[in-house]
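**Q** Structure provided below as structure tokens; questions to follow.
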Amino acid sequence: MTSLKIDIMLLLNNSDIQRALRMTEAIAALRAMLAGTEKMVAPPRMIIDNEEHGALSLFMPALLSRGGHLGIKVSSIYPNNRRHGLPTINGVVVLLDSASGRITAMLDSAALTSIRTSAVSALAVDLLAPQQAGTLAIIGVGVQARAHLLALSIVRKFNAVKVFGRDAKQTELFVEEMSGQVAVRLTAAATLADAIADADVICMATSHTGVAPILLDEYLKPQVHINAIGGGTVSACECDPLTLRTARVYVDEIDTALRESGDIAAAMSHGYLRSEELADLRMLVNNDFGPRPANGRSYFRSVGHASQDLIVSDHIVRRARALGIGQGNTYLDCAVP
């Protein structure tokens, strides 16, 4: 028997990921993946309902045909953790070598999800929002709202940002904290209607779980782009179905959006939208779904996809290795004949 040393597995926490990643590179990596012809195997994500603790755990595997991308993201959502001062979302992304199956890296999934989601949204805004878009409305004041403000500010130079959250104090804290991180004036809006009244781009980053929409069509300008990323279940509806009747509708991945988006499900149930009218980001990047809307409204629904997690994770790991970031772990030595 001879000993075969397995390559070191890299462990990356939140801080490591923030140090290793440039948002511009994440956006570029996603654009390149969507522009390519790489095939993927990505089963529907498995959801385990932990009723005892009022929690959910999601398991999202994927294999991409080129580049050795194989892995799974595990993400658990425990709302009651707030009572104990613990994060409500915890999880890990596990990357494996597609040729041998060995684990090559493990990353904090909460940090990765925040970056990946905002990078996808920034790509959608870059493809769909007018270049001269001046006012951004951020609805929500959580982790995703912060990440999206930073990412969207890369692809558009906004003149003003209006922020609305359900808690006025938290909204003011958000404005105070983020004002020093972007070169644009932030203001706290008293109501959601005030926030979006003159918005050219609206970013919905809420934790809304209800079936009644909170972004009503009557509040919107005739010309506006909407990025909808909250309301992460098929029963949660952030945006008015009427808006999807008149807007050009895009999603990150059609089959996943049909299964998991409450906005899409509500619009279809009202007869305002048909599945064949949906376009995904790959089609948009490759100009396979007609012209981008020069005027009028566009809507992008992000539900997330494991392929996006793998691409961004792989980019982070490569850069972390090059910079010497993270902790190595020789987790396994194996003996072979």
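The values are calculated or read from the model by the stated rules, or taken from the named source; none is laboratory data. Just so we're clear, the structure is a prediction, and the values are computed from it rather than from any experiment. For neighbour counting, all protein chains shown are included, and Cβ atoms are generated from backbone atoms with ideal geometry for every residue, glycine included. Quick note on the areas: whole protein, heavy atoms, side chains included, nothing else; ligands and nucleic acids left out. Shrake-Rupley method; radii C 1.70, N 1.55, O 1.52, S 1.80 Å.
**Q** Scanning for something within 29 Å of Arg102 (Cβ to Cβ), touching a strand residue (DSSP E or B) at 6+ places or on another chain (Cβ under 6 Å) and assigned to a loop (DSSP other than H, G, I, E, B), does region 44-63 turn up at least one residue?
**A** yes
**Q** Of all the residues that make up region 40-60, how many are closer than 22 Å to Leu12 by Cα and either without any contact (Cβ under 8 Å) to a residue 40 or more places away in the chain or surrounded by fewer than 19 Cβ atoms within 10 Å (Cβ to Cβ) (or both)?
**A** Looking only at region 40-60, we keep the residues that are closer than 22 Å to Leu12 by Cα, and these are 57-60.
Filter again for either without any contact (Cβ under 8 Å) to a residue 40 or more places away in the chain or surrounded by fewer than 19 Cβ atoms within 10 Å (Cβ to Cβ) (or both), leaving 57-59.
Residues flagged as closer than 22 Å to Leu12 by Cα and either without any contact (Cβ under 8 Å) to a residue 40 or more places away in the chain or surrounded by fewer than 19 Cβ atoms within 10 Å (Cβ to Cβ) (or both) within region 40-60 amount to 3.
**Q** Could you say which residue among Ala62, Ala119, Ala105 is closer than 15 Å to Ser313 by Cβ and touching a Pro at 6+ places or on another chain (Cβ under 9 Å)? Show your work before the answer.
**A** Numbers: Ala119 fails: touching a Pro at 6+ places or on another chain (Cβ under 9 Å); Ala105 fails: touching a Pro at 6+ places or on another chain (Cβ under 9 Å).
One residue alone meets the criteria, Ala62.
**Q** Between residues in region 264-287 that are of a type in the set (Phe, Trp, Tyr) and residues that are open to solvent by less than 30 Å² (accessible area, probe 1.4 Å), which pairs lie under 6 Å by C-beta distance while being six or more apart or on different chains?
**A** Tyr272/Pro241; Tyr272/Leu244
**Q** I'd like to verify a number: residues in region 187-212 that are more than 18 Å from Asn227 (Cβ to Cβ) and part of a helix (DSSP H, G or I), how many? I'd like the intermediate steps shown before the answer.
**A** From region 187-212, those more than 18 Å from Asn227 (Cβ to Cβ) are 187-188, 190-191, 193-194, 209-212; that's our starting set.
This time we only want the ones that are part of a helix (DSSP H, G or I), so: 193-194.
Going through region 187-212 one residue at a time, the tally reaches 2.
**Q** Sticking with this structure for a sec: Which of the residues belonging to region 69-105 are under 26 Å from Met40 (Cβ atoms) and out of contact with any helix residue (DSSP H, G or I) (no Cβ under 8 Å at 6 or more places or on another chain)?
**A** Matches in region 69-105: Ser76, Ile77, Val94, Leu96, Asp97, Ser98, Ala99, Ser100, Gly101, Arg102, Ile103.
**Q** Tally up the residues in region 176-208 that are over 27 Å from Arg297 (Cα atoms) and touching a strand residue (DSSP E or B) at 6+ places or on another chain (Cβ under 9 Å), please.
**A** At the first step, the residues of region 176-208 found to be over 27 Å from Arg297 (Cα atoms) are 176-181.
Among the residues that remain, those that are also touching a strand residue (DSSP E or B) at 6+ places or on another chain (Cβ under 9 Å) are: 176, 178-179.
Residues in region 176-208 being over 27 Å from Arg297 (Cα atoms) and touching a strand residue (DSSP E or B) at 6+ places or on another chain (Cβ under 9 Å): 3 in total.
**Q** Considering only residues that are outside any strand (DSSP E or B) and closer than 16 Å to Ala110 by Cβ, which ones fall in region 64-89? So that I can check it myself, show each step before the final result.
**A** So the first thing to find is which residues in region 64-89 are outside any strand (DSSP E or B), and the list is 65-68, 78-88.
If the condition is that a residue be outside any strand (DSSP E or B) and closer than 16 Å to Ala110 by Cβ, then Tyr78, Pro79, Asn81, Arg82, Gly85, Leu86, Pro87, Thr88 are the ones that fit.
**Q** In region 127-186, how many residues are on the phi < 0 side of the Ramachandran plot and part of a loop (DSSP other than H, G, I, E, B)? Spell out how you get there, then give the answer.
**A** Start the filter on region 127-186 by keeping residues that are on the phi < 0 side of the Ramachandran plot, which leaves 127-139, 141-186.
Now restrict to residues that are part of a loop (DSSP other than H, G, I, E, B): 129-134, 141-142, 156-159, 165-167, 179-184.
Of the residues in region 127-186, 21 are on the phi < 0 side of the Ramachandran plot and part of a loop (DSSP other than H, G, I, E, B).
**Q** For region 66-116, which positions are open to solvent by 30 Å² or more (accessible area, probe 1.4 Å), touching a residue at least 24 places away in the same chain (Cβ under 8 Å) and of a type in the set (A, V, I, L, M, F, W, C)?
**A** The answer is Leu70, Ile72, Val74, Ile89, Leu96, Ala99, Ile103, Met106, Ala110.
**Q** Then there is this: Report yes if Thr233 is touching a residue at least 24 places away in the same chain (Cβ under 8 Å), under 17 Å from Gly142 (Cβ atoms), crowded, with 16+ Cβ neighbours inside 10 Å and β-branched (Val, Ile, Thr), otherwise no.
**A** On the way: touching a residue at least 24 places away in the same chain (Cβ under 8 Å): yes; under 17 Å from Gly142 (Cβ atoms): yes; crowded, with 16+ Cβ neighbours inside 10 Å: no; β-branched (Val, Ile, Thr): yes.
No; evaluated as a whole, the condition is false for this residue.
**Q** Select from region 214-225 the residues that are open to solvent by 40 Å² or more (accessible area, probe 1.4 Å) and in a loop (DSSP other than H, G, I, E, B) and list them in ascending order.
**A** To start, the set of residues in region 214-225 that are open to solvent by 40 Å² or more (accessible area, probe 1.4 Å) comprises 214, 216, 218-219, 221-223.
Ile214, Leu216, Lys221, Pro222, Gln223, listed by residue number.
**Q** Now for a separate question. Please list, ordered by residue number, the helices (runs of 4 or more DSSP H) wholly in region 242-305 having 1 or more residues that are hydroxyl-bearing (Ser, Thr, Tyr) and at pLDDT 90 or above. So that I can check it myself, show each step before the final result.
**A** On the way: elements: 254-260, 262-269, 281-285.
Passing ranges, in order: 262-269.
**Q** If you scan region 126-142, which residues turn out to be within 23 Å of Ala28 (Cβ to Cβ) and either in contact with a helix residue (DSSP H, G or I) (Cβ under 7 Å, 6 or more places away or on another chain) or at pLDDT 95 or above (or both)?
**A** Those that are within 23 Å of Ala28 (Cβ to Cβ) and either in contact with a helix residue (DSSP H, G or I) (Cβ under 7 Å, 6 or more places away or on another chain) or at pLDDT 95 or above (or both): Asp126, Leu127, Leu136.
**Q** To continue, here is another question. If I ask for residues that are over 26 Å from Glu218 (Cβ atoms) and either open to solvent by 20 Å² or more (accessible area, probe 1.4 Å) or over 21 Å from the mean Cα position of the chain (by Cα) (or both), which ones from region 144-174 would you list?
**A** The answer is Arg146, Leu150, Ser153, Ile154, Val155, Lys157, Lys169, Gln170, Glu172, Leu173.
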